[in-house]
Amino acid sequence: SLHQPLLNGSITWRGGTSAGSGYCKRAWMPDDFEYYGWRFIEGAFDQGRGMIWSADGTFGYRKYDYFKIAYPDGTLLAADNQHTHHRDNICYGTIGGESFEAEVEEIGLWKTRLIGKNMDTLLRQRYCNLVLRHDGGEHIGYALSETGLGTTR
């Protein structure tokens, strides 16, 4: 996978322009699989001074988990896949023996079914308020919470 956190960008819509931080991911799997499911939370906190991205995915029998936090100075904190887990509105990571949790609260919802010749996926994306908790502190921001379930047959 190729992750690109803390990308700067802007959008112009209805005569107004907004700037912010973004995230891009490109993923591929070396093995063929029939069934898959994932849960991702990606968000920026402290007015773009940090970004979290996390995953709980299953592609066939291959498990894919992570919990990462990046800062503009290049600092990257990451839990190994044995120390991260997800629920619908919260994810947890243990990094260097310290506990982190990212909780989301839905603001808006978009969902659809993606159907193609070789795939059928239920996709849900929620725009959310984000609270990242660590060491007794809270870091506030916004996040995208995405879930997908499907098959390649």
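The values are calculated or read from the model by the stated rules, or taken from the named source; none is laboratory data. Only a predicted model underlies this, so the values are computations on that prediction, with no experimental measurement involved. All Cβ positions, even for glycine, are placed from backbone atoms using ideal geometry, and neighbour counts span all protein chains on display. Protein only, heavy atoms only, side chains kept; ligands, DNA and RNA dropped before computing areas. Shrake-Rupley method; radii C 1.70, N 1.55, O 1.52, S 1.80 Å.
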Seminar exercise, completed: Computed over the stretch 36-127, the relative contact order (Cα-Cα under 8 Å, seq sep at least six) in percent reads 15
Exercise. So between Asp32 and Tyr61, what do we pick up on full extension, going 0.36 nm a residue minus the alpha carbon distance?
Worked result: 9.4 nm
Problem set entry | Accessible-area ranking of Met119, Met51, largest first, probe 1.4 Å | Met119, Met51
Seminar exercise, completed: Taking a ≥ b ≥ c as the square roots of the Cα gyration tensor eigenvalues, with a/c under 1.5 meaning rounded and otherwise prolate when a/b beats b/c or oblate if not, the stretch 78-144 comes out oblate
For this session: Specify which residue in the list Gly136, Thr121, Gly97 is farthest towards the positive end of the charge dipole of the stretch 97-148, using unit charges on the beta carbon of Lys, Arg (+1) and Asp, Glu (-1), about the Cα centre.
Result: Thr121
Exercise. Relative to the Cα centre, what is the charge dipole magnitude of the chain, using +1 at the beta carbon of each Lys and Arg, -1 at the beta carbon of each Asp and Glu, and rounding to the nearest 20 debye?
Worked result: 680
Seminar exercise, completed: Highest mean packing first, using Cβ neighbours within 10 angstrom, the peptides 104-110, 88-94, 130-136 sort as 88-94, 130-136, 104-110
Seminar exercise, completed: Carbon and sulfur atoms account, in whole percent of the 1.4 Å probe accessible area of the chain, for 50
Seminar exercise, completed: The equivalent-ellipsoid semi-axes of the chain, taken as the square roots of five times the Cα gyration tensor eigenvalues and listed largest first in whole Å, are 25, 21, 14
For this session: Write down the accessible area per residue of the chain in Å², having rolled a 1.4 Å probe over the full set of protein chains.
Result: 62
